[in-house]
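We did not get these values from a lab; they are worked out from the coordinates using the rules stated. Keep in mind the model is a prediction, meaning the values are calculated, not measured. Heads up, the Cβs are rebuilt from the backbone with ideal geometry, glycines too, and the neighbour counts pull from every protein chain shown.
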């Protein structure tokens, strides 16, 4: 068996940590070739000491000297690079076979597209790449001749269910499960702090995605992602709240059968599925003990308390550049909330105001995507300023 070269875009985040844990369990199968981080130079150097990649990249150019010094102090041969172009260079590096795209937000668009165009096997954890540039990404994958495998637990579950059925043509409905987040049973959203919003009851995730889970925007983005990845319209994708996070998603077929993928809430499972596909490899995740499950429950999402989910469906149905506006406005609003500059309950209002005010044609290039993204961010920033506490 030849050793498979891996690049991880966003190595110091939660997906990066889980990916490296799985990779470390299979040293004869995988080799880390490239690692990137936003600005955490010391943390990136620590990972380089363990995995000794050929290159390490910090997106923030001001942290390059820090990274270089940290690598020299450890006497590592790893080459240090910095900046947006270097992220794309890591994604297409000659020794890389698979790219785990785990950079949060629109910042991951360019390197993800670069990996796809280069024919790399793309393990996609950056849902924004599909939300903002779904057609462009799928065209790039087709042109490059590579493959795309979703790493989000929900989309991994759908991929597994469709693969197990052997007949995607018979699928008629996708059912995404949502934990409901930390405020599933909370009625009053006033006074919510960032610390409360990022305290997810089931999953260990980064701060931004944890807030998205608390507003259900994360599930809305996943609906848009599922639409592009699996070619289903908005009316054929449902969301159900499943607080136990044991069933990760389901697919309903024409004969009435429903296939579901179950597992513990551990991101190493979908990561291992994507890394090993079509084979199954050890993920390190604990075994699901069915005897310890008191119950598996389901309930509809409350659109009145969690309007972000509705806004995502609205953006998907609207088409054009609406999904880009949705994503950009949400990123700005969530960042403002995490900086205590916007109340939690106003996140959805900022997104809705941006969607109502801005209309764009479907983007035809990455430059188009970035232009729409920039315009939406400016509008959302102004809306946040007007809504500041």
Tensor-based shape of region 158-227 (alpha-carbon gyration tensor, a/c under 1.5 rounded, otherwise prolate or oblate): prolate
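When DSSP assigns beta bridges and you keep just the ones with both residues in the chain, what percent turn out antiparallel, to the nearest 5? Could you put the intermediate results ahead of the total?
Values: 11 of 42 bridges.
Just about 25 percent of them are antiparallel.
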Kirkwood Rh (inverse of mean 1/r, distinct Cα pairs), region 319-389, angstrom: 11.8
C-alpha center-to-center spacing [region 123-159, region 49-108] in angstrom: 22
Within region 152-305, percent of DSSP bridges classed antiparallel, to nearest 5: 70
Residue of 234, 102, 333 that the Gaussian network model of the chain assigns the largest fluctuation, springs spanning Cα pairs under 10 Å: 234
For region 184-248 versus region 288-313, the gap between their alpha-carbon centres in whole angstrom: 9
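Among 127-138, 374-385, how do they line up from the highest to the lowest mean number of other beta-carbon atoms within 10 Å?
Details: 127-138: 23.9, 374-385: 18.8.
Those peptides, ordered most packed to least, come out 127-138, 374-385.
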Burial order of peptide ranges 366-373, 190-197, 338-345, 84-91 (average beta-carbon count within 10 Å, highest first): 84-91, 366-373, 338-345, 190-197
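What is the gain in length, in nm to one decimal, between residue 76 and residue 195 on full extension, counting 0.36 nm per residue of separation less the C-alpha to C-alpha distance? Let's see the in-between values first.
Numbers: separation 119, 0.36 × 119 = 42.84 nm, distance 3.72 nm.
Net length gain for the segment: 39.1 nm.
How much length, in nm to one decimal, is gained on full extension between residue 362 and residue 279, taken as 0.36 nm per residue of separation minus their Cα-Cα distance? Please list the in-between numbers first.
Values: separation 83, 0.36 × 83 = 29.88 nm, distance 3.73 nm.
Gain on stretching residue 362 to residue 279: 26.1 nm.
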Stokes-Einstein D (µm²/s) once Rh is taken as the Kirkwood radius of region 152-305 over alpha-carbon pairs, at 25 °C in 0.890 mPa s: 150
Candidates 290, 67, 355: whichever shows maximal mean-square fluctuation once the chain is modelled as a Gaussian network with Cα springs under 10 Å: 290
Residue exposure sequence - 304, 19 - by fewest surrounding Cβ within 10 Å: 304, 19
